[in-house]
Amino acid sequence: MDSIIIEGGVPLSGKVKISGAKNSCLALMASAILTEAPLNLNNVPKLSDIATMSTLLGSLGLEVQNKDSRSLCLDARNISNRKAHYDIVRKMRASFLVLGPLLAREGYAKVSLPGGCAIGARAVDLHLEALRKLGAKLKLENGYVIASAPSGLIGAEIDFPIKSVGATENAIMAATLAKGRTIIRNAAREPEIGDLIDCLKKMGAEIKGRGSSTIEIEGKHRLNGSTHEVISDRIEFGTYLLAAVITKGKISLTGGQEILNTEFLKKIGEMGVRYKSDSEGLAIDATNTDLQPIKVTTEPYPGFPTDLQAQMMATLTLAKGESEINENIFENRFMHVPELSRMGAKIKLEGTCAMVEGVDHLVGAPVMATDLRASVALVIAGLAAKGETRINRVYHLDRGYENIETKLAQCGAQIKRVQS
Ligand code: EPZ
């Protein structure tokens, strides 16, 4: 397993090109199941999660071709298998996004329950309830969901009790081939859902309410192929932005427009960081900035994203005062805390609340990654820490960050990947 070694203390400076959004691309890939015509995706990030989804779709009978390093052609002309195997689904929860499309296209789907992961139980009851409302018959057997709708799905009204990105995506994709109209209320509004809707509409789906929490879908008999460019990754964008902030650097980021006018950027301003948006993206200047402590609560979009909570916590360990972070989305998303504490951070946990008392500096240490965003929080801490930080189990990082050490090294970071 590879490790990443960082010699901290260098203020980042330079330009970072943000890659395509992992969490959009995964849903877009699943949507290819809905049509017998090829779906071409551009600006695809080079990540292990994308490879996992390609393997899963291949196991269902889709032809997945890399037209070049950032483009995929997905051809679902022949669905030869309607079972998504546990061995693949257990590696990546987003595999569950094939359930809705497979059921809508084939009238049958057998998908392994994703199981929990480091950040929480990750239930799927909202996905199943939505499909039930669309007329699916569901049963759970030996850890699999078996869904059937032999005469096809029927449009329905779906009221989500809480906002769920994945359940919203599964419901939208299934409804595009249902007979009649579907209305989804309290839908999640993450930009990745907007990107999925944009692509589905290009494929011939009739969808209203993009960007709002009420989505209306007029089902179609079939969808066409299309070509679609994946939006840029706002979580990668926020991650590099915080890497510049903690090192008191000055960088410009391309892409990530979805993060403008959101709670995240408001918080960056409250910390005393100067930024300016331009036609390409955003320029950050944190040189000589005494970071101010802030209060953060993670919420569904456009609230502060839970996927940037760990990275923000790492940055706030060096603020001038005490910050408060409330994790409202997942029940166990503080796995980065013990590792940050080993680097000298002062963090007290009270349930889903973390009190972060700023310290003068962090000290490099060997630390261990536990999930995708906790891993990158350790990279951020290591970039500012005095001395060497060695982050083990970096396969977590490769799931969601394309060439992270190259992008950081290009901004002056002393960082390298070693085989361990
Ligand atoms: C998506 O996960 C993202 N993953 C996550 O990013 C992200 O953290 C999350 O949305 C929240 O923004 C992808 O898009 C592939 P949810 P998802 O359903 O869809 C509960 C990353 O690091 N819930 O919006 O699984 C759930 O337990 C990953 O890139 C139910 O109770 O998240 C959570 O508490 C991590 N029942 C809350 O809803 C359900 O049926 C929000 O989860 C579904 C969800």
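The values are calculated or read from the model by the stated rules, or taken from the named source; none is laboratory data. All figures in this text were calculated on a predicted structure; none of them were measured in a lab. So basically every Cβ, Gly included, is an ideal-geometry build from the backbone, and we count neighbours across all protein chains shown. With ligands, DNA and RNA removed, areas are computed over all heavy atoms of the protein, side chains included. Shrake-Rupley method; radii C 1.70, N 1.55, O 1.52, S 1.80 Å.
Among the residues of the stretch 62-97, the one identified as within 16 Å of the ligand (Cβ to nearest atom) and more than 26 Å from ASN332 (Cα to Cα) is ALA84. Can you find a residue in the stretch 145-159 that is farther than 15 Å from PRO101 by Cβ and open to solvent by less than 10 Å² (accessible area, probe 1.4 Å)? Yes, there is a match, as at least one residue in the stretch 145-159 is farther than 15 Å from PRO101 by Cβ and open to solvent by less than 10 Å² (accessible area, probe 1.4 Å).
Number of residues in the stretch 129-166 that are closer than 25 Å to HIS221 by Cβ and in a helix (DSSP H, G or I) equals 4. Scanning the stretch 206-239 for residues that are among the charged types (D, E, K, R), crowded, with 24+ Cβ neighbours inside 10 Å and not in a helix (DSSP H, G or I) turns up just one, ASP233. From the set of residues in the stretch 160-191 that are open to solvent by less than 10 Å² (accessible area, probe 1.4 Å) and either of a type in the set (Phe, Trp, Tyr) or more than 16 Å from the ligand (Cβ to nearest atom) (or both), which is nearest to THR214 (Cα to Cα)? Among residues in the stretch 160-191 that are open to solvent by less than 10 Å² (accessible area, probe 1.4 Å) and either of a type in the set (Phe, Trp, Tyr) or more than 16 Å from the ligand (Cβ to nearest atom) (or both), the one nearest to THR214 (Cα to Cα) is THR182. In the stretch 46-56, the condition of being outside any helix (DSSP H, G or I) and among the small types (Gly, Ala, Ser) is met by no residue.
Just a yes or no: is a residue in the stretch 104-121 assigned to a helix (DSSP H, G or I), open to solvent by less than 30 Å² (accessible area, probe 1.4 Å) and within 13 Å of the ligand (Cβ to nearest atom)? No, the stretch 104-121 contains no residue that is assigned to a helix (DSSP H, G or I), open to solvent by less than 30 Å² (accessible area, probe 1.4 Å) and within 13 Å of the ligand (Cβ to nearest atom).
Return yes or no: is GLU299 in the same structural domain as SER13 (by TED's automatic domain parsing), within 18 Å of the chain's Cα centre (by Cα), open to solvent by 50 Å² or more (accessible area, probe 1.4 Å) and within 15 Å of the ligand (Cβ to nearest atom)?
So GLU299 fits the description; yes.
Close contacts from the stretch 208-222, counting a first residue that is in the same structural domain as ALA178 (by TED's automatic domain parsing) and closer than 19 Å to PRO101 by Cβ and a second that is assigned to a loop (DSSP other than H, G, I, E, B) and at pLDDT below 95, with Cβ to Cβ under 6 Å and a gap of 6+ residues or different chains, come to none at all.
Among the residues of the stretch 255-275, those identified as open to solvent by 30 Å² or more (accessible area, probe 1.4 Å) and not in a loop (DSSP other than H, G, I, E, B) are GLN257, GLU258, GLU263, LYS266, GLY269, GLU270, ARG274, TYR275.
One residue is enough: does the stretch 135-149 have a residue meeting the conditions β-branched (Val, Ile, Thr), within 12 Å of the ligand (Cβ to nearest atom) and within 27 Å of HIS396 (Cβ to Cβ)?
The answer is yes, given that some residue of the stretch 135-149 is β-branched (Val, Ile, Thr), within 12 Å of the ligand (Cβ to nearest atom) and within 27 Å of HIS396 (Cβ to Cβ).
Looking only at the stretch 374-405, residues that are open to solvent by 10 Å² or more (accessible area, probe 1.4 Å) and either modelled with pLDDT under 95 or out of contact with any strand residue (DSSP E or B) (no Cβ under 8 Å at 6 or more places or on another chain) (or both) come to 8 in all. If only residues of the stretch 2-42 that are hydroxyl-bearing (Ser, Thr, Tyr) and not in a strand (DSSP E or B) are counted, the one that is farthest from the ligand (Cβ to nearest atom) is THR35. Please work out if ALA76 is open to solvent by 10 Å² or more (accessible area, probe 1.4 Å) and within 28 Å of ILE231 (Cα to Cα). It is false that ALA76 is open to solvent by 10 Å² or more (accessible area, probe 1.4 Å) and within 28 Å of ILE231 (Cα to Cα). Scanning the stretch 208-230 for residues that are farther than 17 Å from ALA32 by Cα and in contact with a helix residue (DSSP H, G or I) (Cβ under 7 Å, 6 or more places away or on another chain) turns up ARG210, GLY211, ILE215, ILE217. Of the residues ASP75, ASP68, the single one that is under 26 Å from TYR108 (Cα atoms) and among the acidic types (Asp, Glu) is ASP75. Only residues that are over 19 Å from the mean Cα position of the chain (by Cα) and open to solvent by 30 Å² or more (accessible area, probe 1.4 Å) were counted across the stretch 80-101, and they come to 7. State whether the residues of the stretch 190-205 include one that is β-branched (Val, Ile, Thr), out of contact with any His (no Cβ under 8 Å at 6 or more places or on another chain) and part of a helix (DSSP H, G or I). Yes, the conditions are met somewhere in the stretch 190-205.
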